[in-house]
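The values are calculated or read from the model by the stated rules, or taken from the named source; none is laboratory data. As the structure is a computational prediction, the values presented were derived from the model and not from experiment. All Cβ positions, glycine included, derive from the backbone under ideal geometry; neighbour counts span all protein chains shown. Surface areas here come from the heavy atoms of the whole protein model, side chains and all, with no ligands, DNA or RNA. Shrake-Rupley method; radii C 1.70, N 1.55, O 1.52, S 1.80 Å.
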Amino acid sequence: MDFCKARWKVPALCLVTVLVQASLSACAPTPKTYIVQMAASEMPSSFDFYHEWYASTVKSVSSSQLEDEEDDASTRIIYNYETAFHGFAAQLDEEEAELMAEADGVLAVIPETVLQLHTTRSPDFLGIGPEVSNRIWSDSLADHDVVVGVLDTGIWPESPSFSDKGLGPVPAKWKGLCQTGRGFTTANCNRKIVGARIFYNGYEASSGPINETTELKSPRDQDGHGTHTAATAAGSPVQDANLFGYAGGVARGMAPRARVAAYKVCWVGGCFSSDILAAVDRAVSDGVDVLSISLGGGASRYYLDSLSIASFGAMQMGVFVACSAGNAGPDPISLTNLSPWITTVGASTMDRDFPATVTLGNGANITGVSLYKGLRNLSPQEQYPVVYLGGNSSMPDPRSLCLEGTLQPHDVSGKIVICDRGISPRVQKGQVVKEAGGIGMILANTAANGEELVADSHLLPAVAVGEAEGSAAKNYSKSAPKPTATLSFGGTKLGIRPSPVVAAFSSRGPNILTLEILKPDVVAPGVNILAAWSGDASPSSLSSDSRRVGFNILSGTSMSCPHVAGVAALIKASHPDWSPAQIKSALMTTAYVHDNTYRPMKDAATGKASTPFEHGAGHIHPVRALTPGLVYDIGQADYLEFLCTQHMTPMQLRTFTKNSNMTCRHTFSSASDLNYPAISVVFADQPSKALTVRRTVTNVGPPSSTYHVKVTKFKGADVVVEPNTLHFVSTNQKLSYKVTVTTKAAQKAPEFGALSWSDGVHIVRSPVVLTWLPPQ
C-alpha cells in the first residue's frame, strides 16, 4: 500500500497508528506557503468573522489524517489580509493547494515567491532645493500631512535624517504604531518616524526561525538598504553629510517634511511575498499616502502577482505606489512590477561624479571612478607593477574575476591587479586582492556593463573603468615587458556632461505582459546616491569591513524608486485630492528626454540615444509636475476594463473585481484604450489596418485655457489627432480626443515619438510607440 496517498482513520494507541504515523511523516509532502485570495462578499452567514471562515476553509482541504487538534487549521494560517487584499496566507502541500483552488469563495491560490532588493545632490539636480520644498510644505498645508510607507529592511532611527525637528504633531488620521523588539523601542519613533512594523511569518514558514543572535527581530535596520531608501524619499535636511569626504553637502530627501513609516519585510534570506502582502495591507490600513517598494522578482501574470493585486487594492484606497523597475539591464524585456496602477521607475545618472585616474607606464591616462578613502594610498609620482591574470580565450578565467581563493600571493603581491566585473560583488574583488597581497585594483567592465561606471567605497586603492578602457589596460599589461601603473583619486566633481544618462543596469522594456502599456513609466536618479545608512552595516556591506558610516553612496533602481515616491508625496501635499493616476500622469507628462547638453538623453549601455523602452516617459521634473496643466486620470472601473482585454477567465478577473457582480462592459477595443499618459499602438493581425485610441484629459490649470496638439511624424504610419485643439472653460473639466494611426509602411523595429498638448505655458507630453508584429 502507498502510505503517501492513503487516507487513514485508525484507533488511537494502536501499533498500526504508530507505524502509519512514521510512514506518513517519512513521505509526507513538505508544506509550502500559499497566498489565498477570498471573495469577502461570499462569507457564509454561519461565520461571524473572516478568520473563522478562513480556518474552516483550510480545514476542509487538509490532508492531515490526525484530527485531534481542533486548532490545527488556525496554526497553519500565518497571515490574515483585510484591507488592500482579502484572504490569508497558509502552509499547504501541493494537493491541498489544488483543492483550495476549487473551494467555495476562493478567488486565487498564489505560491509564495521571494523578491530581492533592487540595490544629496539629487534634490538640487531635480530642482527641488530648500526654497521649493519649503514653499510646498507651507503652514497652509498642515492639514494635508503626507505619510510615505517604505517596504524594505527596516530603519536606523538614530540617523539625523529622521530628526523630527520643526515637525508638528503626528497626523490625527494616522493609525499606525511603533512595534518594539530587540534594539527598538517606542522611543525610537517620533514625529518623523510615525510607524515601524515587522513582517516575518512567511520568511519563517519557509526558512525556519530567524536566528535572533545575529538578526534583530525588530524594525531596526541592520542592512542599510531600508534606511537609505527611507531617507532618499523623505529624509530631513542634514548639514555636512558625506561618505569619506565624497559627495559633501546637505543630505535631504525629496519630501523632507513628509512622515515616514517603515515596514520591515526583508531579512537575510530575502523578501517573501506573503510578508510583503501583509505589509501593504497593513500600511494601507495604517493610513499611508504613498508606498515606496524597492523590490522585485520576475514578471508574473497580473492575477498571479501578489504585489500587483495588493497594489491594486492600495490604488483603490487612494494610495500611490512606486516600485523599482529592476536591475537586469541592459537586457531587453527585463522589467519587473509591470502593472499599470504601479509607477515603475528606472534609474539614471546625475551631474555628479567621483573621478579617479589610472596612469599606465606607457603614459596613457585612463579615467574611471572611485570612492576609495584610506591609508593605503599609492603615490601618483610612482609606478607600481600591474598584472592581469586572465587569458585570451573567450572562457572567463576565475583568476581574472578575482573570485575568492583564486589569487596567489606569488602572482599578485605588491602589484595592482586588473579584475573583471561579474559573478562576485565589486568591492569583494578588492578584498580578495588585498588578502592575497595586492596593493591596488583596476576594476574593468565587461561587455555586459559597457562604459557605465559605478563608484564604490573600496577597501584598497581601486578604480572602476569602462569596457574599452579596461581592454586597453589589459592589453598593455599583457604586451609590455614590465607593465606598471598608478592610481589617483579626484574627489567629487559636479556639472558632469552629459547628464542624465539612463543607467545600463536599469531594466528595459518592452512590457512582456502588455505591449500596449509602456514601461518603465519614468526614470529618476539611481546612480551614486548619497543617503543615510545603518550603524550596524559597513559601507561595502562586507562582513570583513569594519568601517561604519552615517551616510553611504549606493546605485540601483532601489535608489530611483524612493526619489519618485518622495516627489509623489510633494505632489500629494500640494494636491491632496488627486488620485494616484493623476499624480503618475503629472510625473510622466512633465518628464524630459534631453540631457544638459540639449541632446536626446543617452543610454549608458550603448552610448546612443535612449528610447521609451529605456526611459519611459522620460526623466522626472518635480517642479513642473506640481503644475502639469492637464492630467490623465484612471479609476478602478477603467483598470478593470483594461484587465478585461487581458484574456483572463472570470475567476482570474475576480482577483481584482472581488465583487462577483462586476462584469466586463467591453468598452475597450484593446488595452491601448486605457487612459494611460503614454500611447503604445500595436499592429498585430492586419498591419495595414487603421487603429484608433482614445484619451481623456482633465484640466488642473487655469479655468480658461486652450491647448493645441503637436505630434511626431513617423516613417511607418500617419498619426491624426482629433480634435487638434482643446478649449477648457473650467477647472477639472474633462475633454476627450482620439488618435488614429494608419500604417503606410510596416516597420521591422518599433518607432518612437511623442504627442504633446500645449497652452503656451504648459507642455503635456506623452510618448508614442508604434509596434508592428510579424504575421503569425
**Request:** Identify the trypsin sites (Lys or Arg not before Pro) of the range 230-317 meeting these criteria: DSSP loop state and at most 16 other C-beta atoms within 10 Å of the C-beta.
**Result:** Arg301
**Request:** Among the aspartates and glutamates, select those whose C-alpha is under 18 Å from the C-alpha of Lys415, and discard any that sit fewer than 8 residues away in the same chain.
**Result:** Glu382, Glu404, Glu435
**Prompt:** Want the number for Ser46 to Ala103: 0.36 nm per residue separation, take away the alpha-carbon distance, what's left?
**Reply:** 18.9 nm
**Message:** With a 1.4 Å probe and all protein chains kept in place, how do Lys478, Lys415 rank by accessible area, largest first?
**Reply:** Lys478, Lys415
**Asked** Once the dipole of the range 568-611 is set up with Lys and Arg at +1 and Asp and Glu at -1 on Cβ about the Cα centre, which of His594, Pro580, Ser610 lies farthest towards its positive end?
**Response** Ser610
**Fill in**
Once His619, His575, His666 are ranked on solvent-accessible area with the largest value leading and a 1.4 Å probe, the list reads His666, His575, His619
**Item:** Phi to ³J(HN,Hα) by Karplus 6.51 cos²θ - 1.76 cosθ + 1.60 over the range 259-272, Hz, x for Gly, Pro
**Value:** 8, 10, 10, 9, 10, 7, 10, 10, 10, 4, x, x, 10, 9
**Request:** List nothing, just return the count: lysine pairs in the range 630-772, 8 or more apart or interchain, with Cα separation under 13 Å.
**Result:** 4
**Request:** With a 1.4 Å probe and every protein chain left in place, work out the accessible area per residue of the chain in Å², rounded to a whole number.
**Result:** 40
**Complete:** For Lys519, other-chain or 5+-apart residues with amide H closer than 5 Å (H placed, Pro excluded) are Asn511
**Asked** Which ³J(HN,Hα) values in Hz, rounded to whole numbers, follow from the phi angles of the range 739-754 under the Karplus curve 6.51 cos²θ - 1.76 cosθ + 1.60, where θ = phi - 60° and Gly and Pro get x?
**Response** 10, 10, 10, 10, 5, 9, 8, 4, 9, 6, 10, x, 10, 10, x, 7
**Item:** Mean projected area in nm² (Cα convex hull; one quarter of hull surface) for the range 339-378
**Value:** 5.7
**Asked** With no solvent and one point per C-alpha, what does the Debye sum give as log10 I(q)/I(0) for the range 355-489 at q = 0.14, 0.17, 0.19 Å⁻¹?
**Response** -0.51, -0.79, -1.02
**Request:** Keeping every protein chain in place, order Ile553, Ile763 by accessible area at 1.4 Å, biggest value first, i.e. largest first.
**Result:** Ile763, Ile553
**Fill in**
In nanometres, the difference between 0.36 nm per residue of separation and the alpha-carbon distance of Gln733 and Lys713 is 4.3 nm
**Fill in**
Of the accessible area of the chain, computed with a 1.4 Å probe and all protein chains kept, carbon and sulfur make up a percent value of 52
**Asked** Toward the positive end of the charge dipole of the range 630-772, about the Cα centre and with charges on Cβ (Lys, Arg +1; Asp, Glu -1), which of Pro702, Phe668, Val769 goes farthest?
**Response** Val769
**Message:** For a Förster distance of 25 Å, can you work out the FRET efficiency between the beta-carbons of Ser544 and Gln116, rounded to the nearest 0.05?
**Reply:** 0.65
**Request:** Counting residues in the chain as N, plug N into 2.2 N^0.38 Å and put the Cα Rg over that result.
**Result:** 1.01
**Asked** If the cut-off is 22 Å between C-alpha atoms, which lysines fall inside it for Lys493, apart from same-chain ones fewer than 8 positions away?
**Response** Lys373, Lys602
**Prompt:** If the cut-off is 25 Å between C-alpha atoms, which lysines fall inside it for Lys165, apart from same-chain ones fewer than 8 positions away?
**Reply:** Lys173, Lys175, Lys192, Lys264, Lys572
**Asked** Is the shape of the range 630-772 best called rounded, prolate or oblate, per the rule: a/c under 1.5 gives rounded, else a/b larger than b/c gives prolate, else oblate, with a ≥ b ≥ c the square roots of the Cα gyration tensor eigenvalues?
**Response** oblate
